[in-house]
2 protein chains.
Amino acid sequence: MSVQKEIPYKIYLEESEMPTAWYNLRADMQKKPAPMLNPQTHQPATLDELSEVFCRELAEQELNVTDPYIPIPEEIRSFYKMYRPAPLVRAYCLEKYLDTPAHIYYKFEGNNTSGSHKLNSAIAQAYYAKKQGLKGVTTETGAGQWGTALSMACSYFDLDCKVFMVKVSYEQKPFRREVMRTYGASVTPSPSETTAIGRKILEAHPGTGGSLGCAVSEAVECATSTEGYRYVLGSVLNQVTLHQSVIGLETKAALDKYGVKADIIIGCAGGGSNLGGLIAPFVGEQLRGEANYRFIAVEPASCPSLTRGKYAYDYCDTGMICPLAKMYTLGCDYIPAPNHAGGLRYHGMNSMLSELYDQGIMEATTVKQTEVFQAAVEFARVEGILPAPESSHAIRVAMDEALKCKETGEKKTIVFGLTGTGYFDMYAYEKHNNGTLTDYIPTDEEIAAALAKLPEVE
Amino acid sequence: MSVQKEIPYKIYLEESEMPTAWYNLRADMQKKPAPMLNPQTHQPATLDELSEVFCRELAEQELNVTDPYIPIPEEIRSFYKMYRPAPLVRAYCLEKYLDTPAHIYYKFEGNNTSGSHKLNSAIAQAYYAKKQGLKGVTTETGAGQWGTALSMACSYFDLDCKVFMVKVSYEQKPFRREVMRTYGASVTPSPSETTAIGRKILEAHPGTGGSLGCAVSEAVECATSTEGYRYVLGSVLNQVTLHQSVIGLETKAALDKYGVKADIIIGCAGGGSNLGGLIAPFVGEQLRGEANYRFIAVEPASCPSLTRGKYAYDYCDTGMICPLAKMYTLGCDYIPAPNHAGGLRYHGMNSMLSELYDQGIMEATTVKQTEVFQAAVEFARVEGILPAPESSHAIRVAMDEALKCKETGEKKTIVFGLTGTGYFDMYAYEKHNNGTLTDYIPTDEEIAAALAKLPEVE
């Protein structure tokens with residue numbers, strides 16, 4: 001063991017040490033993620049096609065599998081400086097609580113008003129929309145983290161922001177809605193009467209609480225049918241994992257600064273934005289033969305796209321108007337059981353991460369939500385931060401790995417992503433506090449039924 | 001103008017630069033704040049008397065007007081390191097938005113789960129309770145910031161925590177309640193049937209939504225009638241401003257590090273805990289003739305204790321069982337109008353700050369809540385942080401002072417305390433967003449009627 005500088009509770013990089021370019025892991029992958037396909041022709045989506053849905057520069061980023069570094073524009077870096085660098089925290093208190101020889105670190109992305117890492121990509125997407133001269137953008141939001149982040153970003157660049165919010169969240173999370181309105185966004189409960197797809201869904205399922213896939217479809221329809229608008233998305237896409245690489249780059253810079261080498265890197269996995277951003281620079285190092293890490297994706301047992309899904313082309317949205325992506329998926333109609341309160345509800349996984357998983361570079365595991373909330377409360381009490389349920393999936397596995405070290409006596413270094421705070425998730429915590437939270441693991445038959453609906457692609 | 005190092009958006013001190021002792025401004029005041037009085041005898045409260053209500057070491061701190069520095073115990077410093085040092089933020093975006101030559105800085109205390117500066121004193125009070133071998137502590141909470149902070153602190157030291165929460169907040173802020181429960185506290189809506197004073201108030205005012213004064217009384221009764229418990233308080237007391245001096249000490253260290261001298265220092269003022277902590281080291285400098293600052297206390301127009309109250313001995317609680325303090329007060333029965341949503345509802349002002357105001361060392365001003373929320377939203381949109389309504393009182397006046405600089409061309413340096421975030425105050429923001437927030441300024445007759453009830457003290 002080399003002599004190390006004493007490690008503070010929180011490592012803050014200097015502003016001058018912040019990344020000046022995003023890292024595009026796909027450039028360093030020998031076998032690249034499969035390209036997106038046009039949903040009608042099933043041919044690889046072209047820049048022009050993608051530019052009808054997304055801002056042009058973002059479409060370019062989506063297609064870029066060759067440039068390892070993409071400079072972060074100065075305007076975005078200025079915004080980043082309002083809430084970044086984010087601290088890399090040494091979890092001294094958690095280590096003591098677990099009585100483990102392991103060293104635990106977490107990259108905390110919750111110290112901004114959106115409450116999560118989503119802001120890292122929101123500001124980038126708003127910037128390119130503004131640069132393109134657009135009037136505004138549309139998006140969907142479930143729990144509201146992404147919608148809040150985008151509202152903040154659009155407010156900063158004076159862009160209009162139309163958010164379609166899953167109806168059940170709109171009703172259960174009025175505070176998130178008000179944060180978005182405070183930042184000037186218009187928030188519409190989805191499904192709504194304002195779009196053709198919304199009306200169709202309402203006709204088929206009157207009184208439905210909505211779903212993320214349905215909200216995506218409404219947002220895409222609204223963007224493509226409104227002059228001067230484009231659709232933006234907070235996860236799943238490779239442009240998003242690109243922007244989120246600031247998480248991993250800062251994490252790596254902070255570890256390097258103190259001469260610390262991680263053994264295990266853990267992230268929660270919904271669409272894959274945080275996980276992809278966190279692990280990208282470390283995977284790059286590994287692909288170049290410079291390191292040997294274990295990467296663990298943690299998904300909810302009730303939405304197990306990597307561990308129980310199929311690696312196939314699928315629609316990104318229920319409305320089937322977005323491009324097709326090759327990914328581990330449960331089928332675009334898959335919706336987790338109603339008792340699921342832990343987030344990470346998306347049916348598929350980012351295509352780059354799917355490819356890394358398929359190549360065996362990244363592992364994946366599932367956790368049950370009762371265990372996740374138990375870990376969340378233990379973490380909150382010893383580390384002070386009340387974590388988002390999503391982030392708590394990573395906490396659960398980090399704690400489990402640290403407890404394994406306690407058994408074996410191994411002094412491993414465990415790094416995980418603490419993507420956000422749970423201040424707007426108190427309904428779920430209330431259920432946990434009252435002992436009424438339950439688990440649900442889909443049966444093989446349910447998974448098979450969902451997968452049977454995958455589109456046929458040559 | 002001297003050459004300065006380039007100032008980052010956020011100045012983070014190193015852990016090694018964090019204060020190792022709290023600063024006790026009273027030691028440097030020639031004319032000290034008046035002593036607390038025993039509520040029965042009207043004689044100065046003794047250490048033994050105070051120790052029946054408060055932990056002994058905290059009672060000692062309350063009476064200590066001679067030691068300028070009181071070491072921060074190592075256990076408390078360890079906890080501080082989990083969320084401190086707090087950043088001193090250069091408000092570049094706000095300056096640009098206001099188009100002002102002024103330089104604006106704010107000390108941001110909201111980056112912890114309690115969402116405010118209250119944690120600085122909560123952890124100290126929990127520590128001394130634990131050290132004294134107590135089983136637990138009781139307290140009151142209104143909006144819930146203090147209750148949350150104390151729950152976190154008690155969880156850390158494995159102390160029982162009984163919180164009496166003003167009933168109207170208990171019902172309107174279920175999320176705050178759940179955060180406290182998540183940290184293991186028991187939360188009782190006040191007034192309750194669990195105390196004699198609670199039953200008495202319920203009998204006199206059935207269906208009342210409660211008040212902070214009433215909740216204080218219940219908490220004190222519970223503590224003094226339960227073996228192994230003491231009462232702890234998050235504001236008003238001089239022990240609290242002592243603990244909160246970490247805010248001012250860090251602020252001063254950060255400014256000194258970059259060679260910046262403040263001209264105006266602004267804080268919101270409820271009971272005075274944040275304001276007292278923020279300005280203390282700067283006032284000390286001024287009393288020693290080393291500087292010349294303007295200190296501005298900002299209070300709500302609907303609860304104007306400094307600007308329209310009387311400097312007199314008054315009860316700290318409606319139940320009249322706490323010691324009497326000499327302070328600017330509106331009378332312990334004073335309750336702001338029901339439309340008041342901005343916090344800072346306490347009827348009196350910390351005795352040290354009252355004395356500074358009486359001596360003309362500190363100014364005070366009032367602001368109307370519609371103007372406060374307007375400032376809050378503008379600030380949120382340009383600086384990213386959604387501020388607590390309380391903190392937004394300081395934002396309002398900081399913005400006004402910066403706009404005066406724009407008129408005069410003066411390049412003043414303005415520092416204010418951003419005490420917390422507004423994530424749990426979205427009801428109030430919703431009213432603002434819907435345009436239904438109103439103002440209320442008490443009439444002279446209302447103030448006079450409240451003041452007529454002040455106790456007669458020789």
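Values quoted throughout were computed directly from the atomic coordinates according to the rules given, and no laboratory measurement underlies them. Owing to the predicted nature of the structure, the values given are computational and were not obtained by experimental measurement. So basically every Cβ, Gly included, is an ideal-geometry build from the backbone, and we count neighbours across all protein chains shown.
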Exercise for the section: Place the peptides B:271-279, B:184-192 in order of packing, highest mean first, counting for every residue the other Cβ atoms within 10 Å and averaging per peptide. Expected result: B:271-279, B:184-192
Problem - Qualifying trypsin sites (Lys or Arg not before Pro) in the range A:227-265, DSSP loop, other Cβ atoms within 10 Å at most 13 - result: A:LYS261
Problem - Above-threshold pairs, the threshold being 22 Å between Cα atoms, out of A:LYS167/A:LYS431; B:LYS81/B:LYS118; A:LYS96/A:LYS368 - result: A:LYS96/A:LYS368
Exercise for the section: Within 10 Å of each Cβ in peptide B:58-69, how many partner chain Cβ atoms are there on average? Round it to a whole number, please. Expected result: 0
Handout entry: Restricting the range B:1-69 to trypsin sites (Lys or Arg not before Pro) in coil, as DSSP defines it, with at most 16 other Cβ within 10 Å
Key = B:LYS5, B:LYS31
Exercise for the section: Could you calculate the FRET efficiency of B:LYS32 with A:ALA21 from 1/(1 + (r/R0)^6), where r is the beta carbon distance between them and R0 is 60 Å, rounded to 0.05? Expected result: 0.55
Fill in the blank from the handout: Result for chain B, cysteines with no Cys Cβ partner under 4.7 Å, is B:CYS55, B:CYS93, B:CYS214, B:CYS222, B:CYS268, B:CYS303, B:CYS332, B:CYS405
Fill in the blank from the handout: In Å, the C-alpha Rg and Dmax of the protein assembly as shown are 27.7, 94
Handout entry: Structure-based [θ]222 nm, chain B - -39500 (n - 2.57) summed over DSSP H runs of at least 4, per residue, nearest 500
Key = -12500 deg cm²/dmol
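Going highest first, how would you order B:39-46, B:212-219 by mean Cβ packing within 10 Å? Don't jump to the answer; show the numbers that get you there.
On the way: B:39-46: 14.2, B:212-219: 28.4.
The packing order, highest mean first, is B:212-219, B:39-46.
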Handout entry: Viscosity 1.306 mPa s, temperature 10 °C, Stokes-Einstein D of the range B:44-190 from Kirkwood C-alpha radius, µm²/s
Key = 93 µm²/s
Handout entry: Number of partner chain Cβ atoms within 10 Å, mean per residue of B:93-100
Key = 1
Completion exercise
Per residue of B:172-184, other chain Cβ atoms within 10 Å number on average 5
Handout entry: Cα-projected label distance for A:GLU14 with A:GLU445, points at 7 Å along beta-carbon direction, nm
Key = 6.4 nm
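Mind checking the range A:219-321 for GluC sites (Glu not before Pro) that DSSP puts in a loop (not H, G, I, E or B) and that have at most 16 other Cβ atoms within 10 Å?
A:GLU227, A:GLU290
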